[in-house]
Amino acid sequence: SGPFWEGGGGPCLLPGGHALLSVDGIAHTHEMLTRIHRALDDGVVDDDAAENAEFIWWHPLWVPFAERNTGDSLFDDRRPGWGAIGEYWHDDANTPDLWPSLAAMIADITDAVEMSRNIRYYRPRVEAGVLGWEIAP
């Protein structure tokens, strides 16, 4: 536990205010979103919606691993042929392909911190030895 984990209440390791979920948090969030998806969509999963992936509200093969206090999540897309890291927004269009892989996400974050550059709307900030992200002007 701590500031980088759910409920830590401090700065977040990942841009956008996302805190890493615990294993229990991953399971709980995935189960909840999949249950809501099935209730809303009568259990229909459109596996052929690759070209319209941004319009999918939730997919059971998305695995959330980080979440912000708004309920929005970063997820690993485990559909065959995908593997991208995306962002789920509970009340807006999702971004299913922020990074092509988890390795690419980690490399991008590392580069942003080392080079003091933004990732989308967020600028890395290290304060008292702790990494945080602020909204870029």
query = Limited to the stretch 113-136, what total is found for residues that are in contact with a Lys or Arg (Cβ under 9 Å, 6 or more places away or on another chain) and open to solvent by 50 Å² or more (accessible area, probe 1.4 Å)?
reply = 5
inquiry  = The conditions are (1) small (Gly, Ala, Ser); (2) modelled with pLDDT under 90; (3) touching a helix residue (DSSP H, G or I) at 6+ places or on another chain (Cβ under 8 Å), and residue 73 fails exactly one of them. Which is it?
reply    = (2)
remark   = Residue set 128, 103; condition of a type in the set (A, V, I, L, M) and modelled with pLDDT of 90 or more; output residue 103
message = Of everything in the stretch 1-42, what is open to solvent by 70 Å² or more (accessible area, probe 1.4 Å), over 28 Å from residue 124 (Cα atoms) and either modelled with pLDDT under 70 or of a type in the set (S, T, N, Q) (or both)? Give them in sequence order.
response = 42
inquiry  = Being among the acidic types (Asp, Glu), closer than 16 Å to residue 26 by Cα and open to solvent by 30 Å² or more (accessible area, probe 1.4 Å) is the filter here; which residues of the stretch 70-95 pass it?
reply    = 76
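The values are calculated or read from the model by the stated rules, or taken from the named source; none is laboratory data. None of these values were measured; they are calculated from a predicted model. Using ideal geometry, Cβ is built from the backbone for each residue, glycine included, and neighbour counts are taken over all protein chains shown. Just so you know, the surface numbers come from the protein's heavy atoms only, side chains and all, with ligands and any DNA or RNA stripped out. Shrake-Rupley method; radii C 1.70, N 1.55, O 1.52, S 1.80 Å.
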